[in-house]
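What follows draws every value from the coordinates through simple rules; no lab data is involved. Please read these numbers as outputs of a predicted model, since none were measured by experiment. We place every Cβ from the backbone using ideal geometry, glycine too, and count neighbours over all the protein chains shown.
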Amino acid sequence: MGTTTRVALVTGAAQGIGAAVARVLAGDASIAALDTREEGLASLVAELRERGCRAAAFPADVSNSAAVEAVVERIERELGPIGILVNVAGVLRMGPVVSLSDEDWAATFAVNTHGVFHVSRAVARRMVPRQSGVIVTVGSNAAGVPRMQMAAYAASKAASTMFTKCLGLELAQHNIRCNVVSPGSTDTAMQRALWADEHGAQAVIAGSPETFRVGIPLRRIATPADIAEAVSFLVSDRARHITLHDLCVDGGATLGA
């Protein structure tokens, strides 16, 4: 992979894509697993340690700026300098704009956008003096294509995507790369919560004309590992000349838009 022995901080690591990213990176990096779900973190860390990997759980809420600053300081003190940051933590609040509550809107941005800012800023402040590092934000293909009843989620992901690109532009002079991986429909707990029945996956693959949503040309839903492998590439030395890039991993669902 080419990540040597760097420390990788993965947010949203207790389940889904975050856990898959931690598993993929654990072979070449020490894992700082961050999430609010302490039980899930403990299970992941135990699994990684059984594989002989160095990993530790760091319960924290990315929407809390002070908590983020404290936990990043603790990670560097206990595990070492953070060389890789992967922002995965995210929430989804569905609903038509006309009935979406202030709380739903604020809660979505608190994690999906403010959380990315809080963690990226705290880590970047430490990467700059070292003149090295890689940051990847897991966004969404919804950031570039409108979705019915997903205005808050899509807007928050669009904001974090552009934030990451701006961050990458500022940090390039310090040999720090910043990229985005934008998944489409992925088999996670968040995705399954949207399914009406056991045929949910097939419905997503087929598309929905009434909600202006095309299907998935590759005829399959992504697994968390599919997204994690894209992240693994972007944090590795194989991608050493790639920055400010948004890699869409959606099986063609947004038709390259």
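Mind grabbing the base-10 log of I(q)/I(0) for the chain at q = 0.10, 0.17 Å⁻¹? Debye formula, identical points on the C-alpha positions, no solvent, two decimal places.
-0.46, -1.33
Can you list the residues, at least 5 places off or on another chain, whose amide H is less than 5 Å from the amide H of S236, using H built in the peptide plane?
Distant-sequence amide H within range of S236: zero hits.
Gap in Å between the Cα centre of the range 131-151 and the Cα centre of the range 72-114?
12 Å
With the contact rule set at Cα under 8 Å and sequence spacing of 6 or more, what percent relative contact order holds for the chain?
Across the chain, relative contact order equals 20 percent.
Pick from G52, G83, G16: which is most flexible by mean-square fluctuation in a GNM of the chain where alpha carbon atoms under 10 Å apart are linked?
Comparing G52, G83, G16 in the GNM, the peak value goes to G52.
Taking H as built 1.01 Å from N, whose amide H comes closer than 5 Å to the amide H of V181, not counting residues under 5 places away?
Answer set, sorted by chain and number: T137, V138, G139, L247.
Give me I221, I205 ranked fewest to most by other Cβ atoms within 10 Å of their Cβ, as a rough exposure proxy.
So the ranking, lowest neighbour count to highest, is I205, I221.
Please find, in a Gaussian network model of the chain (springs between Cα atoms separated by less than 10 Å), the residue of L48, L34, L25 whose mean-square fluctuation is greatest.
Maximum fluctuation in the GNM of the chain, among the listed residues, is at L48.
Name the residue, out of A19, A66, A155, whose mean-square fluctuation peaks in a Gaussian network model built on the chain with Cα pairs under 10 Å.
A66
Based solely on its DSSP helices, what 222 nm [θ] is calculated for the chain when runs of n ≥ 4 H residues each add -39,500 (n - 2.57) and the sum is averaged over all residues, nearest 500 deg cm²/dmol?
After summing the helix terms and dividing by residue count, I get -13000 deg cm²/dmol.
Can you give me the long-range amide H partners of G144? Hydrogens built in the peptide plane at 1.01 Å from N, cutoff under 5 Å, separation of 5 or more residues or another chain.
none
What angle, in degrees between 0 and 90 and rounded to the nearest 10, separates the Cα long axis of helix 102-112 from the longest principal axis of the Cα atoms of the chain?
40 degrees
Could you please report the charge total around A66, scoring K, R as +1 and D, E as -1 over all other residues with beta-carbon less than 13 angstrom from its beta-carbon?
It works out to a net charge of -1.
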